[in-house]
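To start, the structure itself, in structure tokens.
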Amino acid sequence: MAGNVGMGGVWRNLRADRAVLDNRLEPGTVRRVLGFARPHRSLITGFLALMAIDAVLVVVTPLLTKYVVDDGILAGDLSLVIWLCATMAVVALVNALLGVLSGWISSRIGEGLIYDLRVQVFAHVQRLPLAFFTRTQTGALVSRLNNDVVGAQRAFTSTLSNTVSSLITVLVVGATMMTLSWQVTVLCLLLFPLLLVTSRWVGSRLAGLTRRQMDGNAVLATGMTERFNVGGALLLKLFGRREEEDVAFAVNAARVRDLGIQIALLTRVFSMAMMLVPALATALVYGVGGWLVIEGRFTLGTLTALGLLLLRLLTPLQSLSNVRIDVMTALVSFERVFEVLDLPSSIRERPDAVVLPREAGLVEFDRVRFTYPRADEVSLASLETVSPAAADVRSGLGGEVLHDITFSAGPGQMIALVGPSGAGKTTITHLVARLYDVSGGAVRVGGHDVRDVTLQSLEDLVGYVTQDAHLFHDTIRANLLYARPDAEETEVWAALESAQIAALVRSLPDGLDTVAGDRGYRLSGGERQRLAIARLLLKAPSIVVLDEATAHLDSESEAAVHRALDAALEGRTALVIAHRLSTVRHADLILVVDQGRVVQSGTHVDLLATGGTYADLYATQFAPGTPAA
């Protein structure tokens, strides 16, 4: 199998990767973690109080046992035995009730923390620029939102409770044992530094391995996310790459497996140390304690109590020895979540931003220049799974893609953008909705620079229909109401009628409640486009952007979509990208874009008469003798 390692390979990997595994946490991580705990401080205080009470009760039963043996059984006092045993039962019941209550509080804290982290990460990611999503792998991002958030939550449940409870228990039990026999207690405790040494050795390596395992799981999740949707599955079946996909997945899975083996081996070494030291301590207690009982130095009840207390001391000591590992693992999860939260958004709203009126429809480009942001400005390498060889590419500067773009479009006007693929047409339309910020010049809507207006008012003003209309895996109704949740049923049907798809929706068994399928794949391309237009009509924006809205449709579907578009564009400012020049012949202004520049502008008739790029494109699409109309 790919990546298979033996025992020797595991140890070689541990030694070779020492620099990587011995990770250092970013400064301020612990402080930020405590900040997330602040809203839950009352619950945490109550939780810690319960842990303290529970830890104190640990010594009660062993001490009662001492008196049961010495003053009850050996003295022949049956009533005392009964009374002391009843007290033990009450203590056990109280312990059980405390366990249930502390478990409930622990879950409140843990689930509350998961909620806070998920909501913050989700809200932050939604506000990141489009450039972030063009580079980030979906599976890696979802892994941060799920697996790492859950890993961080453990810091405030199991890790916190175990640490506090164990610390108090060790102090109380240790003090009690010292009062019974300081000699036996000291001999036992001398063995436990071995656990601390082992824990430090394991913890320094386990944090790095855990981080790499999380990254590996994110890679697996990304691969499955991309291939288990309809589009990915269709691509795989059409190209027949099953064997290659199997091998690639197996290689990545093998890396995760090998990391799991290394983690398991380190954990096992630590577990063996935790089993060996307590066994030696138990032998010391009964060996030395038994000799002292025989010598008459203390009673059998004292020896019994020491043995029981030792058993109650072992678990918290083991837990404290493991704290470094648990804390480092939890902090790694927090750090990975903070990486996403710390990624700044390049599209920010100014404090004094202007609210655009709904009727604002004037779009102006004033000597606009644009360069795509560098990858290290908008994304994280760990979310892209970028290879070391690509590091220079990530940080390198890209060239300017738009140069001195100037034009304007008003309400009721259609501006067509034509030109070869990669000329910059879609980039121009993205600047209208401020999906990116210009590098020079200005884009104005309603007379205001888009950088000076509120994002919400700009988003309300601009509507898009793209070449590949996206539909959620939800009902047709939900997909339409995404544009305007408060729309009435009559308005929904009116939009469907205008989009030339109402008859189809009525013919479906579940009508508006029909599930569109993953990305709308249960519908044809033309049907998806018309639903996207219906969604646009419900939104009723003043500015409409159509990016190849009729590309790849058959003639019948294209005709239906064009009829729908006539309704969508009426009275609105329209920017239309089209490769099919027949669809933009009647545009008020046609801009011919090539290599990021407007090389020609004018009406269809004027551009044909002038010749040049537009005339060449038109001649390529229409054979000699084909009527232009």
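Where a number appears in this text, it was derived from the coordinates with a stated rule and is not lab data. Just so we're clear, the structure is a prediction, and the values are computed from it rather than from any experiment. So basically every Cβ, Gly included, is an ideal-geometry build from the backbone, and we count neighbours across all protein chains shown.
A full extension of the chain between residue 201 and residue 508 corresponds to an added length of 104.0 nm, given 0.36 nm per residue minus the alpha carbon distance.
Taking amide hydrogens as placed 1.01 Å from N in the peptide plane, the amide H of residue 600 sits under 5 Å from those of 592, each at least 5 positions away in sequence or on another chain. Set the Förster radius R0 to 30 Å, insert the Cβ-Cβ distance between residue 133 and residue 588 as r into 1/(1 + (r/R0)^6), and round the FRET efficiency to 0.05. FRET efficiency, residue 133 to residue 588: 0.35. Taking the three principal axes of the alpha carbon atoms in segment 449-601, the coordinate ranges are 51, 40, 27 Å, sorted in descending order.
Projected label points at residue 515 and residue 279, each 7 Å from Cα along the beta carbon direction, are separated by 5.5 nanometres.
Each residue, residue 468 and residue 251, gets one label point 7 Å from its Cα in the Cβ direction; the gap between the two is 2.4 nm. In this rough spin-label picture, where each label sits 7 Å from Cα along the Cβ direction, the residue 52-residue 371 distance is 6.0 nm. With distances taken between every two different alpha-carbon atoms, segment 27-341 has a Kirkwood hydrodynamic radius of 23.1 Å.
Once backbone amide H atoms are built at 1.01 Å from N, residue 371 has 401, 439 as its partners under 5 Å, excluding neighbours fewer than 5 places away on the same chain. Extension gain for residue 350 to residue 30 (0.36 nm times residue separation, less C-alpha to C-alpha distance): 112.1 nm. Full extension of the chain between residue 295 and residue 124 gives 54.5 nm of extra length, using 0.36 nm per residue less the Cα-Cα distance.
For a footprinting-style exposure proxy, rank 454, 65 by other Cβ within 10 Å, fewest first. Ranked by crowding around the Cβ, least crowded first: 454, 65. For segment 342-356 and segment 31-61, what is the centre-to-centre distance using only Cα atoms, to the nearest Å? Computed from Cα coordinates, the inter-centre distance equals 40 Å.
Put in line by how crowded their Cβ is, counting other Cβ atoms within 10 Å and starting with the fewest, 88, 214 read 88, 214.
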